[in-house]
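Working notes, structure below.
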Amino acid sequence: MIETLIGSRSFRGALSAPGDKSISHRALIFAALSEGTCRLDNLAPGDDVKRTARCLEAMGVRLVRDGSAAMVRGVGLRGLASPAAVLDCGNSGTTMRLLAGVIAGAGLEAVLDGDESLRGRPMKRILDPLGAMGAAASSANGRAPLRFAGRSEPLGGGTSHDLEMASAQVKSAILLAGLFAKAPTRVREPHPSRDHTERMLSAFGAKLRATGDGWIELEPRGEPLRAPPTLSIPGDPSSAAFLLGAAILADEGEVEVTGVDANPTRIGWLHVLERMGAEIELLPSGEAAGDPVATFRARGGARLVATHVGPEEIPALIDELPLLAAIATQARGRTVLRGAAELRVKESDRLARMAEGLNRLGARVEELPDGLVIDGPTPLRAADVEAAGDHRIAMSLAVAALRAEGETRIHGAEWADVSFPGFFPLLTRLAEAK
Ligand code: S3P
């Protein structure tokens, strides 16, 4: 599908963001592994989270959905059944990697597969640690489909995993498998990634602790996980960021997004935008799902300046780096984004796709093996650009397109539905609002 976006000087609105995708996947999985029934409110609306829900149903979990809410009847750590058919994770890396941990831990016989993009993404990073834990997991080339042979003996546990890359998905797969093991599991990352799994598993009664030097230890225990009766999912900061970014780039921009997750491991992009001179603020408004929640406000018209982003900052803005690249095209000076080689193995090669798309729109972007160099400000002009099967590329280029003179055509715009259904009509509405 092609969406046409007309450049606009104005971008205004007050709204709430759709439910957080990372927390929604985890809420569904942890509620399924708990005993008792849990009502989840404000689940993320995109296709990715629906995949997790369907895969859990295929493993015997009863789930009644009602709009953005779902009642999940947990089956406990021993109640999952091997699925009769291949589990189709669609485009969702989080579904595949987190469920791989569950399936490995529960000793189920299962095959996890996905679409062409997901079949191209690296899975050795979970197959190796799960194998070291004793799981019988295999794949032809370190990519999906992933095959798990069932096993009746629980995993031994007692393993330590010092990860090469900061990845919440890998960390979560290991911890989820560790829930079923006989002895403690330890994991450490080079830089801390989003910590929803740690926070939520602890809230569900798992015994997790930091043991110093960045190590997290999960002690399995005989008692079941317990879900709260209701869990309300905060708004997704990664979705909100696109709306705030569009406001920052508009001469007459003013956007307020309420109820957004403000977990520090998710909002590194806000600090980068502040450093660039953007007018953006966070007003704390409470808590949801164990995370701080805030109203985010952004205004346009400020003079932006270039900045440097290094490897230690990347995990807390991993999904917003394409958006930051789009914003940097309007900042004075040379912006350098480094330590982001992981972006090459997301839903698309996000470094290559953003360099290509932004350059088509008239920006000056150069690719590095692990990042981007952006010289600005450059006036942007309309062009035909490609979402390349990637929701975040579709939305980041859309934000740049609003700043461009003329009518930009975004090919493959429907990919936005993976995390933010309704994004394009919303963007057009806010760009036309007076
Ligand atoms: C996610 C972790 C990140 C992120 C993805 C969601 C999660 O992936 O990019 O959108 O929910 O755990 P990696 O773990 O591969 O960095």
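Values as computed for the structure displayed
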quantity	calculated
Of the criteria (1) more than 16 Å from the ligand (Cβ to nearest atom); (2) over 21 Å from Ala316 (Cα atoms); (3) outside the structural domain of Arg12 (by TED's automatic domain parsing), which one Leu176 fails	(1)
Among (1) part of a loop (DSSP other than H, G, I, E, B); (2) surrounded by fewer than 18 Cβ atoms within 10 Å (Cβ to Cβ); (3) on the phi < 0 side of the Ramachandran plot, the one test that Gly76 misses	(3)
Check on Arg125, surrounded by fewer than 18 Cβ atoms within 10 Å (Cβ to Cβ), over 18 Å from Ser82 (Cα atoms) and out of contact with any Gly (no Cβ under 6 Å at 6 or more places or on another chain)	no
Residues of region 331-348 classified as out of contact with any Asp or Glu (no Cβ under 9 Å at 6 or more places or on another chain) and either surrounded by fewer than 17 Cβ atoms within 10 Å (Cβ to Cβ) or under 14 Å from Ser396 (Cα atoms) (or both), total	2
Among (1) within 13 Å of the ligand (Cβ to nearest atom); (2) touching a residue at least 40 places away in the same chain (Cβ under 8 Å); (3) open to solvent by less than 30 Å² (accessible area, probe 1.4 Å); (4) touching an Asp or Glu at 6+ places or on another chain (Cβ under 9 Å), the one test that Thr185 misses	(1)
When residues of region 303-330 are limited to those that are acidic (Asp, Glu) and more than 11 Å from the ligand (Cβ to nearest atom), the one most open to solvent (accessible area, probe 1.4 Å)	Glu312
Complete set of residues in region 132-142 that are at pLDDT 95 or above and more than 15 Å from Ala110 (Cα to Cα)	Ala132, Met133, Gly134, Gly142
Members of region 284-301 found to be under 21 Å from the mean Cα position of the chain (by Cα) and within 21 Å of Pro228 (Cα to Cα), listed by number	Glu287, Ala288, Ala289, Gly290, Asp291, Pro292, Val293
Conditions (1) more than 16 Å from the ligand (Cβ to nearest atom); (2) part of a loop (DSSP other than H, G, I, E, B); (3) open to solvent by less than 50 Å² (accessible area, probe 1.4 Å): number failed by Asn91	(1)
So Ala398, is it crowded, with 19+ Cβ neighbours inside 10 Å and in contact with a Lys or Arg (Cβ under 6 Å, 6 or more places away or on another chain)	no
Tally, over region 188-216, of residues that are out of contact with any helix residue (DSSP H, G or I) (no Cβ under 8 Å at 6 or more places or on another chain), at pLDDT 95 or above, assigned to a strand (DSSP E or B) and farther than 20 Å from Thr94 by Cα	2
Residue satisfying condition, being of a type in the set (Asp, Glu), within 16 Å of the ligand (Cβ to nearest atom) and touching a residue at least 60 places away in the same chain (Cβ under 8 Å), within set Asp48, Asp41	Asp48
One residue from Arg26, Arg39, Arg51, Arg97 being of a type outside the set (Ser, Thr, Tyr), outside any helix (DSSP H, G or I) and modelled with pLDDT of 95 or more	Arg39
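Rundown of residues vs (1) open to solvent by 20 Å² or more (accessible area, probe 1.4 Å); (2) of a type in the set (Ser, Thr, Tyr); (3) more than 16 Å from Ile23 (Cβ to Cβ), yes/no style:
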{"residue": "Ser193", "(1), (2), (3)": "no, yes, no"}
{"residue": "Leu208", "(1), (2), (3)": "yes, no, yes"}
{"residue": "Gly212", "(1), (2), (3)": "yes, no, yes"}
{"residue": "Ile233", "(1), (2), (3)": "no, no, no"}
{"residue": "Ser238", "(1), (2), (3)": "no, yes, no"}
{"residue": "Glu252", "(1), (2), (3)": "yes, no, yes"}
{"residue": "Asp261", "(1), (2), (3)": "no, no, no"}
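The values are calculated or read from the model by the stated rules, or taken from the named source; none is laboratory data. Because the structure is a prediction, the values reported are computed rather than measured. Backbone-built Cβ (ideal geometry, glycine too); neighbour counts: all protein chains shown. To get the accessible areas, we keep the full protein, side chains included, count just its heavy atoms, and leave off ligands, DNA and RNA. Shrake-Rupley method; radii C 1.70, N 1.55, O 1.52, S 1.80 Å.
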